[in-house]
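A.B. asks: Could you have a look at this structure, given as structure tokens, before my questions?
The values are calculated or read from the model by the stated rules, or taken from the named source; none is laboratory data. If you're wondering where the values come from, they're calculated on a predicted model, not measured in any experiment. In this analysis, Cβ positions are derived from the backbone assuming ideal geometry, glycine residues included, and neighbour counts consider all displayed protein chains. All accessible areas refer to the heavy atoms of the entire protein, side chains included, with ligands and DNA or RNA removed. Shrake-Rupley method; radii C 1.70, N 1.55, O 1.52, S 1.80 Å.
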Amino acid sequence: MARALTQLSSAAWRTYTHPAGAAASLEPDSEGRRREEERKDFSEVVDAITRPNLPSGGTMVVSYSSLLESAHRVGRALHHLDDPQLVTAVATEAAVELAAVDSAELGDLSGRAQQAVLLSREDASPVQVAAAVRVPIHHPPSSQP
């Protein structure tokens, strides 16, 4: 479960660090288009967690989207645990994490979105840079010689 949740969070934040607009092209079948589609998949994450693709008849549908497939993995782990309250709690937390990515994209680095200051973006906007500068880092990573 922990690994699946970590992969989901990583896939969500990758849409922040690697936005579609930073790609060379948004043409069909391009990296930019793939990134654009991955970002659009945010709206399907909670559904994938609560109703994951499960094995059936010896096969299982696997999503091409790393974000959605991560959400399905979380959902499959939750399905195995069979705890409806845990499903609700995890789905709620996933929604909060996705909202943090949304906030960071808009330059609002409050709350959970504050973690964005530790990430490198391909194309940080001036609003995002200004917001990151205003966020105090209480425990900066120690530098090693």
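A.B. asks: Just checking, which of Gly107, Gly21 is closer than 21 Å to Ala132 by Cβ, touching a residue at least 40 places away in the same chain (Cβ under 8 Å) and either open to solvent by 60 Å² or more (accessible area, probe 1.4 Å) or not aliphatic (A, V, I, L, M) (or both)?
C.D. replies: Gly21
A.B. asks: Continuing with the same structure: Looking at the stretch 67-88, can you tell me whether even one residue there is open to solvent by less than 20 Å² (accessible area, probe 1.4 Å), out of contact with any Ser or Thr (no Cβ under 9 Å at 6 or more places or on another chain) and of a type outside the set (Asp, Glu)?
C.D. replies: yes
A.B. asks: Which of the residues that make up the stretch 39-78 are free of Cβ contacts under 8 Å to residues at least 12 places away in the same chain and over 30 Å from Ala22 (Cβ atoms)?
C.D. replies: Pro55, Ser56, Gly57, Gly58, Thr59, Met60, Val61
A.B. asks: Looking at (1) within 20 Å of the chain's Cα centre (by Cα); (2) touching a residue at least 60 places away in the same chain (Cβ under 8 Å), can you tell me which one Leu81 breaks?
C.D. replies: Among (1) within 20 Å of the chain's Cα centre (by Cα); (2) touching a residue at least 60 places away in the same chain (Cβ under 8 Å), the lone unmet condition for Leu81 is (1).
A.B. asks: A further question follows. Hey, any hits in the stretch 35-56 for a residue that's open to solvent by less than 20 Å² (accessible area, probe 1.4 Å), at pLDDT below 95 and more than 14 Å from Leu98 (Cα to Cα)?
C.D. replies: Within the stretch 35-56, none of the residues are open to solvent by less than 20 Å² (accessible area, probe 1.4 Å), at pLDDT below 95 and more than 14 Å from Leu98 (Cα to Cα).
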